[in-house]
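The structure under discussion appears below in the form of structure tokens.
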Amino acid sequence: MKQATIVYCLKDDQVLLGMKKARFGQGKWNGFGGKVGEGESVIAAAVRELKEEAGISMNESDLSKVAQIAFYFADAPIFECHVFLARTFSGEPIESEEMRPQWHSLNALPFAEMWPSDLYWLPAVLAGHTLKATCTFDAEGKIVERFEAERSSF
């Protein structure tokens, strides 16, 4: 299973999401992240991806791991995502080739334009919970067929 990262930057009562402009997940709001490179640590990949996709810099110590989710499409393993929150960072978000960043109120997230699984776990981690989960989509990645989660600590 490929290792991947997702980072959500928080400021006041807002979360930074990016509209995916190309490739996997195109047309969906999401956190910032991607695949972990060969020989790269998960946390280093999270910092690198945030810089590449939104122009935001941070130290590895600024990230708090809040979830680890294994994603499957029709029982085929796709990604094991390591999810982080960040409240300390530098720079203003800028649009990249891959993502268009935008701040969203924590009370009005655009779930209709996000991955369908986000509704199952994102509100919990934004509220301060940590979890390990498994999510199985249908073959097209449009319908969550099964979602299982348990509280965890990292």
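The values are calculated or read from the model by the stated rules, or taken from the named source; none is laboratory data. The model shown is predicted, which means the values in this text are computed figures rather than measured ones. Ideal geometry is used to build each Cβ from the backbone, glycine not excepted, and the neighbour counts take in all protein chains shown.
Structure data summary
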read-out: Count of the stretch 1-37 residues which are within 11 Å of the chain's Cα centre (by Cα) and either part of a strand (DSSP E or B) or among the basic types (Lys, Arg) (or both); value: 12
read-out: Residue check for Ile43: closer than 18 Å to Thr130 by Cβ, in contact (Cβ under 8 Å) with a residue 12 or more places away in the chain, aliphatic (A, V, I, L, M) and in contact with a Cys (Cβ under 6 Å, 6 or more places away or on another chain); value: no
read-out: Elements of type strands (runs of 3 or more DSSP E) contained in the stretch 78-154, each with 3 or more residues being surrounded by fewer than 18 Cβ atoms within 10 Å (Cβ to Cβ) and in contact with a helix residue (DSSP H, G or I) (Cβ under 7 Å, 6 or more places away or on another chain); value: 144-151
read-out: Selection from the stretch 110-122 of residues that are closer than 19 Å to Phe71 by Cβ and among the aliphatic types (A, V, I, L, M); value: Met114, Leu119, Leu122
read-out: In the stretch 46-70, the residues that are within 17 Å of Lys2 (Cβ to Cβ) and buried (at least 22 other Cβ atoms within 10 Å of the Cβ); value: Ala46, Glu49, Ala67, Ile69
read-out: Qualifying residue in the stretch 57-72 (condition: in contact with an Asp or Glu (Cβ under 6 Å, 6 or more places away or on another chain), at pLDDT 95 or above and more than 26 Å from Asp13 (Cβ to Cβ)); value: yes
read-out: Hits in the stretch 56-75 (condition: hydrophobic (A, V, I, L, M, F, W, C) and free of Cβ contacts under 8 Å to residues at least 60 places away in the same chain); value: Ile56, Met58, Leu63
